[in-house]
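Take a look at the structure below.
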Amino acid sequence: MKTTTFAVRTGDRDAVLDITDQCARFARDAGGDGLLNIFAPHATAGVALLELGAGSDSDLLAVLAQLLPAQDVWRHAHGSRGHGRSHVLPAFVAPSLTVPVIAGRMALGTWQSIALIDLNADNPDREIRLSFVG
């Protein structure tokens, strides 16, 4: 197994960040056929496959805001207002996903991108772990 990590700065607001290029570089460098696992080792972030740049990222954030409102309704109540919703996010957007790799290229669909989803404004510094099993 080959593995690496990279840092992502998410900022101070809800974010959908494209990490496809970093994943593609690692898959290319790992070479061959196999499986690429993308993992966000955080209790308050997730990763997803979706179309980015055509409004889907904003739509996802809007749906998450409805499902997980940034209000003082959460039992997990430390941090910024509504911080508890960030701890519920991984139940809706898993912290990992696996993508097939063929000849060093991720076998993504035409409009699929890999995104880090983060609702935790209290922690803008994230790490992503990539693991390749050939």
Looking only at the range 42-59, and only at residues there that are of a type in the set (A, V, I, L, M, F, W, C) and closer than 27 Å to M1 by Cβ, the one that is modelled with the lowest pLDDT
A43
Which condition does G79 not pass, out of (1) small (G, A, S); (2) modelled with pLDDT of 90 or more; (3) on the phi > 0 side of the Ramachandran plot, if it passes all the others?
(2)
In the set F39, F26, the lone residue that is within 12 Å of the chain's Cα centre (by Cα) and either at pLDDT 95 or above or under 18 Å from S96 (Cα atoms) (or both) is F39
Is it true that some residue in the range 62-71 is more than 19 Å from D122 (Cα to Cα), touching a helix residue (DSSP H, G or I) at 6+ places or on another chain (Cβ under 9 Å) and exposed (fewer than 15 other Cβ atoms within 10 Å of the Cβ)?
yes
Pairs only if they're at least six apart or on different chains, beta carbon under 7 angstrom, first in the range 23-41 and closer than 11 Å to F6 by Cβ, second of a type in the set (S, T, Y); list them, first residue then second.
F26/T4; I38/S96
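The values are calculated or read from the model by the stated rules, or taken from the named source; none is laboratory data. Every value quoted in this text rests on a predicted model; they were computed, and no experiment measured them. Note that each Cβ is placed from the backbone with ideal geometry, even for glycine, and that neighbours are counted across all protein chains shown.
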